[in-house]
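Before any comments, here is the structure.
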Amino acid sequence: MFDYNTVKKIFFKLNPENAHNVAEFVFKNGIRFCPFLANELTKRYFVSNERLKQNILDTTFLNPVGLAAGFDKNATMIKMLTALGFGHIEFGTVTPKPQDGNPKPRLFRHIEQESIQNAMGFNNDGMEKVKERVEKIYPFATPLFANIGKNKTTSDEDALSDYEKLIDKFKNISNTIVINISSPNTPGLRNLQNEDFIKALFVMAKEKTDKPVLLKIAPDLEIKDAINICSVALEHGAGGIIATNTTVDYSLLPNPQSFGGISGKVLEEKSSAIFEELAKEFYGKTTLISVGGIDSAEIAYKRIKMGANLVQIYSSFIFKGPKLNRDISDGILKLMDRDGFAHISEVIGVDRR
Ligand SMILES: Cc1cc2nc3c(=O)[nH]c(=O)nc-3n(C[C@H](O)[C@H](O)[C@H](O)COP(=O)(O)O)c2cc1C
């Protein structure tokens, strides 16, 4: 019987980035060497239920729990991650040119707080290599989101052209494209969260593709700025909003590093608060995806009631393992029974009605 706590004990003895690399090796090669594994894992972890099924973003989602960006930066683990239960997978952030990211160490666990701090800086293989991998499997059983970002060496003036190249690369091999201008680990990137850039970005995106293009935002924006930026994005064709990325509010941790973005349990309150304000403004007008500190069916359900169509997880997957996917979906079904909802569509945004 697979016991994640044992695996975690071993993994947590390694430094976090080495642990991630070992997991990537296993996830990348596991199904290749053991093809029956995919079926076994899918049976154990993947929840597919008519009551949770949604047709949104021009595709079908069998369950509402997705993998947030940053875990599978290079799209090497998509098959295994689907078998582990994720209802959609956001690969990336991918940049036009390959880049190494920031100097190590750049990934830290805060175990007691069930939180992570990272300053990875978009380490990735670049769009050509990632495209080669994804086009081999697309269209895929599970919706794929391509999360895209500019290279560190690209100036603000040239940033638009980076996003243009990336949209061209991924528009035909992903279900949805996610614009990342909210990572704290590329100097100046968050400055692109301004009206002029966002307008230019979505006007360009609309000319390039009919696929939904979503904006992922930071939790550190003033709420009025967040609403303003999202309004501009939506007015110019954005297909939805993902809130939120990691935070640079270091007061959330007792022993923080002085750099990088914080995710996990300590982000929950902040992420939830900004998501709720955005949902008050945009529920019913667009697709909303909530991410940040979600680690249980109760929290996921709360975000869905606030107005989220889908939720995403990253840090809690590290602390709780793949069973969490099933626990969240099964738990949502139980909460729906308790509250007398037949279908998830009745739950989404019930707080707003
Ligand atoms: C190690 C690490 C790397 C990440 N890399 C990215 C990234 O490349 N692009 C991105 O949009 N978000 C990235 N994120 C942010 C997550 O997608 C997510 O928004 C954030 O972690 C909050 O969710 P969580 O509390 O469930 O982890 C990263 C998060 C972590 C922990």
_Filter region 325-348 down to the residues that are open to solvent by 10 Å² or more (accessible area, probe 1.4 Å), touching a helix residue (DSSP H, G or I) at 6+ places or on another chain (Cβ under 9 Å), of a type outside the set (A, V, I, L, M) and in a helix (DSSP H, G or I) and list them by number._
Arg326, Asp327, Asp330, Gly331, Lys334, Asp339, Glu346
*Are there any pairs with C-beta distances below 7 angstrom linking a residue in region 39-55 that is open to solvent by less than 70 Å² (accessible area, probe 1.4 Å) to a residue that is of a type in the set (Asp, Glu), with the two at least 6 apart or on different chains, and if so which?*
Val47/Asp330
*Check whether at least one residue in region 87-106 is out of contact with any Cys (no Cβ under 9 Å at 6 or more places or on another chain) and over 29 Å from Gly126 (Cβ atoms), and report yes or no.*
no
*Ala83 versus (1) open to solvent by 40 Å² or more (accessible area, probe 1.4 Å); (2) free of Cβ contacts under 8 Å to residues at least 60 places away in the same chain: which is the lone unmet condition?*
(1)
*asked:* Condition check: more than 14 Å from the ligand (Cβ to nearest atom), closer than 23 Å to Phe2 by Cα and not hydroxyl-bearing (Ser, Thr, Tyr). Does Leu41 satisfy that?
replied: yes
*For region 57-83, which residues satisfy the criterion of being away from the ligand (no atom under 15 Å from the Cβ) and not in a strand (DSSP E or B)?*
Leu57, Asp58, Leu62, Asn63, Ile78, Lys79, Met80, Thr82, Ala83
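When the residues of region 166-195 are narrowed to those that are surrounded by fewer than 18 Cβ atoms within 10 Å (Cβ to Cβ) and at pLDDT 95 or above, which ends up farthest from the ligand (Cβ to nearest atom)?
Initial filter on region 166-195 (surrounded by fewer than 18 Cβ atoms within 10 Å (Cβ to Cβ)): 168, 171-172, 187-188, 191, 194-195.
If we keep only those that are at pLDDT 95 or above as well, we get 168, 171-172.
On the way: Asp168: 20, Lys171: 18, Asn172: 21 Å.
If we take residues in region 166-195 being surrounded by fewer than 18 Cβ atoms within 10 Å (Cβ to Cβ) and at pLDDT 95 or above, then Asn172 is farthest from the ligand (Cβ to nearest atom).
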_Matching residues, region 239-262, being within 16 Å of Glu90 (Cβ to Cβ) and more than 11 Å from the ligand (Cβ to nearest atom)_ = Gly239, Gly240, Ile241
*Select from region 87-123 the residues that are more than 9 Å from the ligand (Cβ to nearest atom), open to solvent by less than 10 Å² (accessible area, probe 1.4 Å) and touching a helix residue (DSSP H, G or I) at 6+ places or on another chain (Cβ under 6 Å) and list them in ascending order.*
Ile89
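The values are calculated or read from the model by the stated rules, or taken from the named source; none is laboratory data. Please read these numbers as outputs of a predicted model, since none were measured by experiment. Methodologically, a virtual Cβ is constructed for each residue, glycine included, from the backbone with ideal geometry; neighbour enumeration extends over all protein chains shown. SASA here: full protein model, heavy atoms, side chains in, ligands and nucleic acids out. Shrake-Rupley method; radii C 1.70, N 1.55, O 1.52, S 1.80 Å.
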